[in-house]
1. Could you run through the range 106-146 and say how many residues are more than 13 Å from residue 44 (Cβ to Cβ), at pLDDT 70 or above and among the acidic types (Asp, Glu)?
2. Any residue that is assigned to a helix (DSSP H, G or I), within 16 Å of the chain's Cα centre (by Cα) and more than 18 Å from residue 114 (Cα to Cα) - is there at least one of those in the range 158-178?
3. Cβ contacts < 6 Å: first residue free of Cβ contacts under 8 Å to residues at least 24 places away in the same chain and exposed (fewer than 15 other Cβ atoms within 10 Å of the Cβ), restricted to the range 45-57; second residue assigned to a helix (DSSP H, G or I) and not aliphatic (A, V, I, L, M), any location; separation 6+ or different chain. Result?
4. Surrounded by fewer than 15 Cβ atoms within 10 Å (Cβ to Cβ) and at pLDDT below 80 - does that describe any residue in the range 6-24?
Amino acid sequence: MKKGNIILLSILAVLVLLVFNACGSYNNIVKSKNEVENAWANVQSKYQRRIDLIPNLVASVKGSANFEKETLTEITEMRSKVGQAKVNWDDKNATQETKMKAANEMESSLSRLLVISENYPQLKSTQGFSDLMGQLEGTENRISVERDNFNKAVKDYNNIIETFPGNIYSGIFNFTRKSMFEADAAAAKAPEVKF
């Protein structure tokens, strides 16, 4: 074989390897991006569960617990705040940050509701209120797990697009960094309950 042919075949082999590497890196980035989107869809699904579940449970408790009107009025006001924070999770125009803000507003009202239940132990004696509290706690736990899964998927994706050789291909194919779910600054402050 001629020396020129060997050099040409070597260059061709290197180019083929680079193309396969680029395809593999691109596919990994796309898979990771899809994991982020799937994880966010799971978070939204749990928020939707909360939105669907809580008004019905609160209405049920309200109907069976007339003896505690003042507290139930406050719970209803909080339920209204949850409804005001409602976001159409399927709205493609709503940003992830808008949806996170709405979720944080809902949590603020729900955490206040949990504090009220601790200060009114007689409400815990009714089965409806006990069911409401169990559902609230279960829903909040589900949301927490899905948020953690979302943040892990975002971290994995960001690692892929920011490390070599993914950073080269993410720049070429215009993949950008994703934001993790962050709690609202007010979430660190304990809710204040006034009676």
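The values are calculated or read from the model by the stated rules, or taken from the named source; none is laboratory data. This one's a predicted model, so the numbers in the text were calculated from it and none came from an experiment. Cβ placement follows ideal geometry from the backbone for every residue including glycine, while neighbour counts extend to all protein chains displayed.
1. 4
2. No, every residue in the range 158-178 fails to be assigned to a helix (DSSP H, G or I), within 16 Å of the chain's Cα centre (by Cα) and more than 18 Å from residue 114 (Cα to Cα).
3. Cβ pairs passing all conditions: none.
4. There is no residue in the range 6-24 that is surrounded by fewer than 15 Cβ atoms within 10 Å (Cβ to Cβ) and at pLDDT below 80.
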